[in-house]
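The values are calculated or read from the model by the stated rules, or taken from the named source; none is laboratory data. Predicted, not measured: the structure shown is a model, and the values here were computed from it. Every residue, glycine among them, receives a Cβ derived from its backbone with ideal geometry; neighbour counts consider all protein chains shown. The accessibility values were calculated without ligands, DNA or RNA, using every heavy atom of the protein model including side chains. Shrake-Rupley method; radii C 1.70, N 1.55, O 1.52, S 1.80 Å.
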Amino acid sequence: MTKSFLLIGVGGQGTILISRILSAGFAEMGYDVKMAEIHGMSQRGGSVTTMIRYGDNVHSPNFGDAEADVIISFEKSEVLRALPQLKKGGTVITDSYEIYSVPVLTGASEYPFDALDQVRAEVPNTIVIEAFREAEKLGNSRCQNIVLLGKLVRTMGLDEKIDWRSLVAANVPPATVDINLKAYDLGYSM
Amino acid sequence: MSDKKMMSGNEAIARGVWEAGVHVAAAYPGTPSTEILENIGALYKDDIYCEWSCNEKVAFEVASGASIGGARAFCAFKHVGMNVATDPIFSMGYAGVNGGLVFVTADDPGCWSSQNEQDNRNYAPHAKIAMLEPSDSQECLDYVKAAYELSERFDTPVMIRVTTRVCHSKSLVETGSRENISVRKYERNTSKFTLLPAVAIARHPVREKLLTELEEFAYDSPLNRVEETEGATVGVVTSGISYQHAREVFGDTASFLKLGITYPLSKKLVSEFCSRYQTIYVIEENDPYLETQIKALGFTNVHGKDLIPICNELNAGILRKALFNEEPGETYHVEAKAPARPPTLCAGCPHRGFFFALTKVLDQVVPVGDIGCYGLGCQAPFNGFDFSLCMGAGFSALVGLAQALKRQGDARKPLGMLGDSTFFHSGLTSLIDIVSSESNVIACVMDNSITAMTGHQDNPGTAKNLMGQPSPQIDIVALVKACGIDDDHLRVVDPIDMKAMDAALQDGISANGPFVIVTRRPCVLIKEVARANGRRHAVIDPEKCVGCKLCMKVACPAIAFRDGHAVIAEGSGCTGCGLCTQQCRLGAISIVEA
């Protein structure tokens, strides 16, 4: 049975790094894994998504509507963009952190401040954490992605066979290993 | 499975190039192909001479020279880059190779980062060269190696056609070691490589014969594969990423003809397969490339583009809907909508100064864009250009536009913009055209010292090459002057310096004849620049800010408006460039270093 994860955020938030760690972990578990990234234009502050699929034999790296088992959102309003891709019964893990796009800043587009109230009311498995704020308190807001990873591993029970901490250590810049491990532990404990 | 590595298609192609014993590799960056040469530069430069060429045509000619000289050569570009390179590609199709010659075209169904979704499979029959289509990262590696065998055996350049979802998807790959290939001896061979008319007309039948032999080879090549399902009445013909989607949708309910060699198509193999099934589905993205050829063989029980969309990329859900009218499963709906979040010029981007200045003279110019980060300037609030076509057109289109505007009494002056890398790519020849035609236009080179949009590749202006070595720095201003632009018709400015930028545009508008503005300020994402900026950022004094929003006119993602005041949002990436400080009439914005 193939499982599909969708990660969504804003260009520059580090969605690709945790996707790499996740797929390395699934491969270590013995699964076939595929991961679809989008590079290029959208990285300049646009909405970015990564898809990860794992199972016994995975064919397509990308998928369409109502096929994601889990959505991991790095930004509050981006959940809304990803929601049509969540299948019924699926899980949402999201940061409540807000990033205003240029159309929001210039007043051309409205920011949906009540996004998470609406998502919570509709999707039973909705988990909201303050990953950005917590990473900031640790001393580096860029560890937001690893806080989210910790929360995801705990929530989905992905840590039976895998030492995710060593995968984190192997994949983040050497100078940031300690703080990222703290970020992972923090996310895991939240 | 643990001895395999997760690799993107691009990483696997780079690995395949190295394992195939390639000696020379050249490319011009372009999404989704860029990481191929980046990986060769980063990992294999000790064994492979590699370079970012000025453009795709140059890259293919570099590779062609290497092949004719006896080396194994490689070249890569995005789909529209192949348009630039087709002149030498078609010639090498006739000439053939000495050392193996393989190139990658990375197509972009869905236009994730491109101006069109052209299907470059159509080029293979047109150029009369072999084409392979891998479906995942392992095949990317394996097919590159197979391509060199084919190239040398059948004396043909081989095109490997991949798409965004192959290039940028990661899957598990088993790697091998590098083959020790010696360079073939170079010998003068004018009857093959000097494509004068008499030689070319003699080479044409040679090429046709080789294609016939290649088609015979394709019949039982392991690159083409039949996956038989017992009792199936449906046969699926497919290639590339579409094979993965087809497997996802049909599972074990159909048999598959998975084609790795899609030009020349083995008519015998396809006919044998298609005649065994009641219904044939041809699953392919964009054009009916395979379908047209299969129908030409006389098969009528074939479904393809009568059901499957020709536009945009595919996925399993789209196919289920198209083929079986099957709706996606249940999902969740909420009222709230995600805000528009288009990609945007970064905080601190030098181009912001240019576009902000341009907004003040938009009634006096007709701005024309080009391909690069500055393409983001076309959006509101800047509305920084009216049209953009392809690399170089930002300058050359001005010549014809000036004539058209003059003939309808439109007094506005054409103003074109392109970046440093684009200037080296094809802007230089366009500028020569502007000068030699004495066109009354403004040509702006927006020099941010890097090929930025594709992720920071070096170019002839950056003084460093792909192999990490220092290289001669080509001076853009000296080139502009050498083209015949004198000091009166040239301004070199820092685009964040508002006074200088405004003055340069005014001078350009009032000048007669070709006028060039070079804006010079490095991209803030260049590591050394970011390091030098340190923690510098702007702060807005809430006591002094009256909430006039003048600073917000520069449309910087770092400035937000809260409780009646402009604020520099935390974590916004403000670099303290100082564009907004020049807008504030009350001195409420200052730059701090920590």
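Measuring nothing but protein heavy atoms, the accessible surface of region B:379-498 at 1.4 Å probe radius is 53 percent carbon and sulfur. Working from Cα pairs under 8 Å separated by at least six residues, relative contact order for region B:398-463 is 38 percent. For B:M552, B:M159, A:M156, the ranking by accessible surface with the largest value first comes to A:M156, B:M552, B:M159, using a 1.4 Å probe.
Distance from the Cα centroid of region B:62-84 to that of region A:119-135 is 50 Å (rounded to whole angstrom). Here the accessible area of region B:225-324 is 51 percent carbon and sulfur, with a 1.4 angstrom probe and all protein chains present. Close amide H partners of B:V97, meaning residues 5 or more places away or on another chain with modelled amide H under 5 Å apart, are B:T156.
Taking only protein heavy atoms and a 1.4 Å probe, the accessible area of region B:534-593 is 50% carbon and sulfur. On association of chains A and B, roughly 5000 Å² of accessible area becomes buried (total for both chains; probe 1.4 Å). The relative contact order of region B:444-594 comes to 22 percent, based on Cα pairs under 8 Å that sit 6 or more residues apart. Sorting B:H79, B:H23 by accessible area puts them as B:H23, B:H79; the probe is 1.4 Å, largest comes first, and only protein heavy atoms count. The residues of region B:365-407 expose, per residue, 37 Å² of accessible area to a 1.4 Å probe. Residue-wise HN-Hα couplings along region B:255-262, as the Karplus relation 6.51 cos²θ - 1.76 cosθ + 1.60 with θ = phi - 60° gives them from phi, are 9, 10, 10, 9, 8, x, 9, 9 Hz; Gly and Pro carry x. Once a ≥ b ≥ c are taken as the square roots of the eigenvalues of the Cα gyration tensor of the protein assembly as shown, is the result rounded (a/c under 1.5), prolate (a/b larger than b/c) or oblate (a/b not larger than b/c)? Oblate.
Here the Karplus curve 6.51 cos²θ - 1.76 cosθ + 1.60, taken at θ = phi - 60°, turns the phi angles of region B:268-273 into couplings of 5, 4, 5, 5, 4, 5 Hz, with x standing for Gly and Pro. Measure nothing but the geometry: give the 0 to 90° angle between the long axis through the Cα atoms of B:350-359 and the longest principal axis through the Cα atoms of chain B, rounded to 10°. It is inclined by approximately 70 degrees.
List the residues of region B:1-49 whose accessible area drops by at least 30 Å² when all protein chains are present, compared with their chain alone, using a 1.4 Å probe and counting only protein heavy atoms. The answer is B:M1, B:M6.
In order along region B:160-168, the phi-based Karplus estimate (6.51 cos²θ - 1.76 cosθ + 1.60, θ = phi - 60°) of 3J(HN,Hα) comes to 9, 9, 10, 10, 3, 6, 8, 4, 10 Hz; Gly and Pro are listed as x. Buried on complex formation within region B:546-571 (loss of at least 40 square angstrom of accessible surface versus the isolated chain, 1.4 Å probe, ligands and nucleic acids ignored): B:E570. Rounded to the nearest 10 degrees, the angle from helix B:56-68 to the longest Cα principal axis of chain B is 40 degrees.
The listed residues B:E230, B:E543, B:E133, once ranked by accessible area (1.4 Å probe) with the largest placed first, stand as B:E230, B:E543, B:E133. In degrees between 0 and 90, to the nearest 10, how far off the longest principal axis of chain B does helix B:197-219 point, with axes built from Cα atoms? So the helix axis and the longest Cα principal axis differ by about 60 degrees. Averaged over the residues of peptide A:102-115, the number of Cβ atoms from other protein chains lying within 10 Å of each residue's Cβ is 6. Enumerate the amide H contacts of B:M6 below 5 Å, restricted to partners 5 or more residues apart or on another chain; note that Pro and chain-start residues carry no placed amide H. Here the answer is B:V173, since their amide H atoms fall under 5 Å of that of B:M6.
Taking H as built 1.01 Å from N, whose amide H comes closer than 5 Å to the amide H of A:Y97, not counting residues under 5 places away? Result for A:Y97 returns A:K76, A:A131, A:F132. Averaging the sequence gap over all C-alpha pairs within less than 8 Å and six or more residues apart, then dividing by the number of residues, gives chain B a relative contact order of 11 percent.
Computed extension gain for B:T233 through B:D541, at 0.36 nm per residue and net of the alpha carbon distance, reaches 103.4 nm. Only helical runs count toward this figure. For the protein assembly as shown, summing -39,500 (n - 2.57) over DSSP H runs of n ≥ 4 and dividing by all residues gives -10500 deg cm²/dmol at 222 nm.
Entry comment: accessible area of region A:1-62 is 27 Å² per residue, from protein heavy atoms only and a probe of 1.4 Å.
The residues of region B:329-368 occluded by other protein chains by 30 Å² or more of accessible area, set against the chain on its own, are B:E330, B:T331, B:Y332, B:V334, B:A336, B:A338, B:P339, B:A340, B:R341, B:P343, B:T344; surface from heavy atoms, 1.4 Å probe.
Round to a whole angstrom and tell me the spacing of the C-alpha centers of region B:340-391 and region A:138-190. Answer, in whole Å: 39.
Relative to the current alpha-carbon distance between B:A478 and B:N533, full extension at 0.36 nm per residue lengthens the span by 16.9 nm. Taking the centroid of alpha carbons for each part, region B:145-167 and region B:240-309 are 21 Å apart.
Peptides B:465-478, A:61-74, ordered by how many other C-beta atoms sit within 10 Å of their residues on average, highest first, read A:61-74, B:465-478. In the full protein context, region B:534-593 carries 53 Å² of accessible surface per residue, based on a 1.4 Å probe and ignoring ligands, DNA and RNA. Placing +1 on each Lys and Arg Cβ and -1 on each Asp and Glu Cβ, with no other charges, gives the protein assembly as shown a dipole about its Cα centre of roughly 1020 debye. Multiplying the residue separation of B:A202 and B:N301 by 0.36 nm and removing their Cα-Cα distance gives an extension gain of 31.6 nm.
In units of the compact-protein estimate 2.2 N^0.38 Å, chain B shows a Cα radius of gyration of 1.08.
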